[in-house]
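Beneath this line is the structure, given in structure tokens, with notes to follow.
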Amino acid sequence: MRHRGHESTDGGDGTGGGELAVPMAWLYAEYIADELLRTGDLMPPTSFEFRAGRDALALTVFLSDTDGELSGIRVISQMENWLSLTAYDQPWQEWVGRRMAELAAGESAAAAPSPDLALAAEAWRWLEETELLAPDLDAVPGGGTVSGEDDGPKVWTPAWRLGLPLGHLAIHLF
């Protein structure tokens, strides 16, 4: 008798693959991002801000791995690359869109859809569509007295705009 997790989904004739595709590349990128943010101790891991930072950083890690071979030893060698990709003056949003399109085009030629790309696309969709209330970093200084950081002006901003600098700072703090 087969273990329930190893049953074929091919209808019983044994001709189909029926294997469960595990999104290891995405899960590894998400793990790296999670560890970087937890090490930086920038915000509670249960917050939306943490999720925004983790997803933005995981996308950066996942999409920058052009060889599909991000091993533990290469993580340290990639830190400078991730820092440059997440820097304030870089067109990160356009870069993500371009890389996602490239991977999607490559996937259309493949026989099976990539579970990694599906999770990356879901993270990107969340980062673009979700807005978080954040301090207004563009507010005019001296516009009024602010006694605490919670009292300052706030604006609704796409999650990626908040998550990206958090991810960048987490890399610096690592």
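Just so you know, all these numbers are worked out from the coordinates, no wet-lab data involved. What you are looking at is a predicted structure, and each value in this text was computed from that prediction instead of being measured. Every residue, glycine among them, receives a Cβ derived from its backbone with ideal geometry; neighbour counts consider all protein chains shown.
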Exercise. What residues from the range 29-62 fall in the zone where the backbone N is under 20 Å from a label point 7 Å along the Cα-to-C-beta line of residue 84?
Worked result: 57-62
Exercise. For the range 89-137, what is the largest minus smallest coordinate of the Cα atoms on each principal axis, given in angstrom and ordered from greatest to least?
Worked result: 46, 21, 12
For this session: Within 10 Å, count the other beta carbons around each residue, average over each peptide in 27-36, 45-54, and list them highest first.
Result: 27-36, 45-54
Problem set entry | residue 38 versus residue 22: modelled label distance in nm, points set 7 Å from Cα along the beta carbon direction | 1.9 nm
Exercise. What is the packing order of peptides 127-134, 98-105, taking the mean over residues of other C-beta atoms within 10 Å and listing the highest first?
Worked result: 127-134, 98-105
Exercise. Taking K and R as +1 and D and E as -1, what net charge do the other residues with C-beta under 9 Å from the C-beta of residue 58 add up to?
Worked result: -2
Seminar exercise, completed: Expressed as a percent, the portion of alpha-carbon pairs in the range 77-116 spaced more than 11 Å apart is 70 percent
